[in-house]
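Beneath this line is the structure, given in structure tokens, with notes to follow.
The values are calculated or read from the model by the stated rules, or taken from the named source; none is laboratory data. Being a predicted model, the structure only gives us computed values, none of them experimental. Cβ coordinates were reconstructed from backbone atoms using ideal geometry, including for glycine residues, and neighbour counts include every protein chain displayed.
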Amino acid sequence: NFSVFDLLKKSQDATDLLTEDLVMVEQRVEPAKKAAQVIHKKLLGCLQSQLGLDTERRMVKSILFHLSPLTLDLKKVLEMCCFMESHLAATLSDFELKLEKEVLEPLNKLSEEDLPEILKNKKQFAKLTMDWHNARNKSQASTGPQAKQDGLKEEVEEAWRKLESIKDQYSADLYHFATKEDDYANYFIRLLELQAEHHKNSHDFLERNISELKDNSQENNYKGKVYGEPLLTHLYNSGREIAVPIQECVHMLLHTGMREEGLFRLAAAASVVKRLKSSLDGGVVNHSEFTDPHAVAGALKSYLRELPEPLMTFELYNDWFQAAGEKELTDKLEQFKIVLKKLPSENYNNLRYLVQFLSCLSEQQSVNRMSPSNIAIVLGPNLLWPRMEGEAALLDMASASSVQVVAVVEPLIQHSSSLFHEGTVPHSM
């Protein structure tokens, strides 16, 4: 019987039986197990919720979630803080779910199952190596009867057979570990990627809304203004998913404008458009009062144009053009889907609603003369423009509308069913 200390002391004898490349692999197994264990333990300590919880239960456990109700009795502008804290709690919950599935689970399996099995075989290999050395030395030193020497020789041969068997298994384990090292490294890389993604999403959300929050803190009375307001502010204050001008104007156009020639291209009386905008700002719209579809289309265009940030966002300005530049249609649509996923949810929902309506409108192009290309020409510059100020921005909007914006908006309308496959098309709204 040998103690663990004896086995470890003799492990060099076992290593001598391995090839040089396996010796190098063997030296990396134990550090890999320790790294996986330490990272797994530290990450568990960082989680604000327990393993295995769904998103809703994680949010309830989140400090951010419980911070939000503290402001409910203060000024209304601070309610926006509640909304933002809840959003951050949801972002954190999503991050922890991904972290649990893509990092914690594989790290736990690596440190508690895969690597311990290799280390177990290593210990067995060291023990059997020592058994074989001892049997061989005992046989070589024997001077007794031939029968005894034959028995000792059989012990040496049996010890060697056992050693060969475990050596094959251990060598296979080490080769397998060597082939999987890149996968193991990717667990740690994925951890960094998830952290970067989480912090970026949270930072972008806060940056996008912090100036808006400051503005609201200076205006304690929200009067329900819609035109010229940031999309998120309007949606939050109105409790809607789709902006009032978009939903109301689409609703009216579905009933009165689908077969109207030159919709969005022909101008209406400015006084009628102004009156409709005032009604939308006030939240009271008498549909029977606004029967001119060109005025309704004008009010919709005006809302999109007056947004502080375009519906398709400043941040993704270049991404849209890069996606539209793909030669193959399949590649182009795949790139569009990637860009759409980058849109904030409020922008995505409103863009989807609007584009699906525009797709329905283009289906009547034999009557209304508004093909996807024509729609993109007149409406595209109101959906996407660069982050610039003053006259330069207006000039740039005008030049960009000719080719680049059309190249982006036209395929969105043409292929809306595949790009925006979820949700309900405006026909039924």
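What to note about this one:
- Filter result for Lys200 (in a helix (DSSP H, G or I), assigned by TED's automatic domain parsing to the domain that holds Lys120, at pLDDT below 80 and loosely packed, with under 15 Cβ neighbours inside 10 Å): no
- Taking first residues from the range 309-323 that are at negative phi and partners that are β-branched (Val, Ile, Thr), the Cβ contacts under 7 Å between residues at least 6 apart in sequence or on separate chains come to Leu316/Val339; Asp319/Val339; Trp320/Val339; Trp320/Val408; Phe321/Val408; Ala323/Val339.
- Residue check, Ala135 on the phi < 0 side of the Ramachandran plot, surrounded by 14 or more Cβ atoms within 10 Å (Cβ to Cβ) and at pLDDT 80 or above: yes
- Test set (1) buried (at least 19 other Cβ atoms within 10 Å of the Cβ); (2) in a helix (DSSP H, G or I); (3) of a type in the set (A, V, I, L, M) - Met312 fails condition number: (2)
- Some residue of the range 333-347 being among the β-branched types (Val, Ile, Thr) and over 23 Å from Glu260 (Cβ atoms): yes
- Top-ranked residue of the range 262-273 - restricted to ones that are surrounded by 14 or more Cβ atoms within 10 Å (Cβ to Cβ) and part of a helix (DSSP H, G or I), ranked as nearest to the chain's Cα centre (by Cα): Val273
- For the range 334-429, the helices (runs of 4 or more DSSP H) that sit wholly inside it and include 2 or more residues that are at pLDDT below 95 and under 17 Å from Gln322 (Cβ atoms) are 404-414.
- Condition check for Gly283: touching a residue at least 12 places away in the same chain (Cβ under 8 Å), surrounded by fewer than 21 Cβ atoms within 10 Å (Cβ to Cβ) and in the same structural domain as Trp385 (by TED's automatic domain parsing): yes
- When Asn216 is tested against (1) of a type outside the set (Phe, Trp, Tyr); (2) buried (at least 17 other Cβ atoms within 10 Å of the Cβ); (3) in a helix (DSSP H, G or I); (4) modelled with pLDDT of 90 or more, only condition (4) is not met.
- Restricting attention to the range 224-250 and to residues that are of a type in the set (A, V, I, L, M) and within 27 Å of the chain's Cα centre (by Cα), the residue that is surrounded by the most Cβ atoms within 10 Å (Cβ to Cβ) turns out to be Ala243.
- Failed condition for Asn350, given (1) of a type in the set (S, T, N, Q); (2) free of Cβ contacts under 8 Å to residues at least 40 places away in the same chain; (3) closer than 16 Å to Asn382 by Cα: (2)
So that you can scan it fast, the table gives a plain yes or no per residue for (1) without any contact (Cβ under 8 Å) to a residue 12 or more places away in the chain; (2) part of a helix (DSSP H, G or I):
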{"site": "Lys120", "(1), (2)": "yes, yes"}
{"site": "Lys123", "(1), (2)": "no, yes"}
{"site": "Ala126", "(1), (2)": "no, yes"}
{"site": "Thr143", "(1), (2)": "yes, no"}
{"site": "Val156", "(1), (2)": "no, yes"}
{"site": "Ser171", "(1), (2)": "no, yes"}
{"site": "Glu181", "(1), (2)": "no, yes"}
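Table: residues versus (1) in contact with a helix residue (DSSP H, G or I) (Cβ under 9 Å, 6 or more places away or on another chain); (2) assigned by TED's automatic domain parsing to the domain that holds Glu105; (3) at pLDDT 85 or above.
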site: Asp150; (1), (2), (3): no, yes, no
site: Glu158; (1), (2), (3): yes, yes, yes
site: Ile166; (1), (2), (3): yes, yes, no
site: Tyr170; (1), (2), (3): yes, yes, no
site: Leu194; (1), (2), (3): yes, yes, yes
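- Residues of the range 330-372 that turn out to be of a type in the set (Gly, Ala, Ser) and surrounded by 14 or more Cβ atoms within 10 Å (Cβ to Cβ), as a count: 3
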